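The values are calculated or read from the model by the stated rules, or taken from the named source; none is laboratory data. Just so we're clear, the structure is a prediction, and the values are computed from it rather than from any experiment. Cβ: placed from backbone, ideal geometry, glycine included. Neighbour counts: every protein chain shown. Side chains are part of the model used for accessible areas, which takes the heavy atoms of the whole protein and leaves out ligands, DNA and RNA. Shrake-Rupley method; radii C 1.70, N 1.55, O 1.52, S 1.80 Å.
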Amino acid sequence: MTAKAREFLDFWIENSIHAAEQYGTPGASQDVAELARRCVEMARQQGLTEQDLRDAAGDITDYIRIRLKAANRKEADRPK
């Protein structure tokens with residue numbers, strides 16, 4: 001199940017974690033708890049449990065926080 005959970009997480013992160021726009025345009029949600037809740041809910045709809053996600057990535061909230069910070073850092077470093 002870990003491979004399926006990893007595949008789900010990679011897909012979900014790619015499609016759901018977006019940086020705050022640096023030019024004043026509102027970005028996607030930056031609320032890590034809300035993003036984690038959405039991730040777990042969507043995983044359940046795909047037949048995965050929260051434990052499956054934890055087995056694949058560790059603490060889901062921390063995992064999402066790290067990925068969101070990386071996306072924001074990449075956006076902040078983008079030239080104007």
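Points to keep in mind about this one:
- Signed unit charges on C-beta, dipole axis of the chain, positive-most listed residue GLN51, SER16, PRO79: PRO79
- The angle between the Cα long axis of helix 2-16 and the main principal axis of the chain comes to about 30°, on a 0 to 90 degree scale.
- Formal net charge of residues neighbouring LEU48 (Cβ-Cβ distance under 14 Å; K, R +1; D, E -1): -1
- Entry for Cα Rg over 2.2 N^0.38 Å (calculated from the structure that is shown) out of (i) 1.15; (ii) 1.31; (iii) 0.97: (i)
- On the chain, 49 percent of the accessible area sits on carbon and sulfur atoms, based on a 1.4 Å probe.
- Ordering MET42, ALA5, VAL32 by the projection of their Cα atoms onto the charge dipole of the chain, which places +1 on the Cβ of Lys and Arg and -1 on the Cβ of Asp and Glu, puts VAL32 at the extreme positive end.
- Classification of the range 34-80 by its C-alpha gyration tensor yields a prolate form. The axis ratio a/c (a ≥ b ≥ c) is 1.5 or more, and a/b outweighs b/c.
- Placing unit charges on the Cβ atoms only, positive for Lys and Arg and negative for Asp and Glu, gives the chain a dipole magnitude near 220 debye about its Cα centre.
- Extension gain from GLU50 to ASP10, taking 0.36 nm per residue of separation minus the Cα-Cα distance: 12.9 nm
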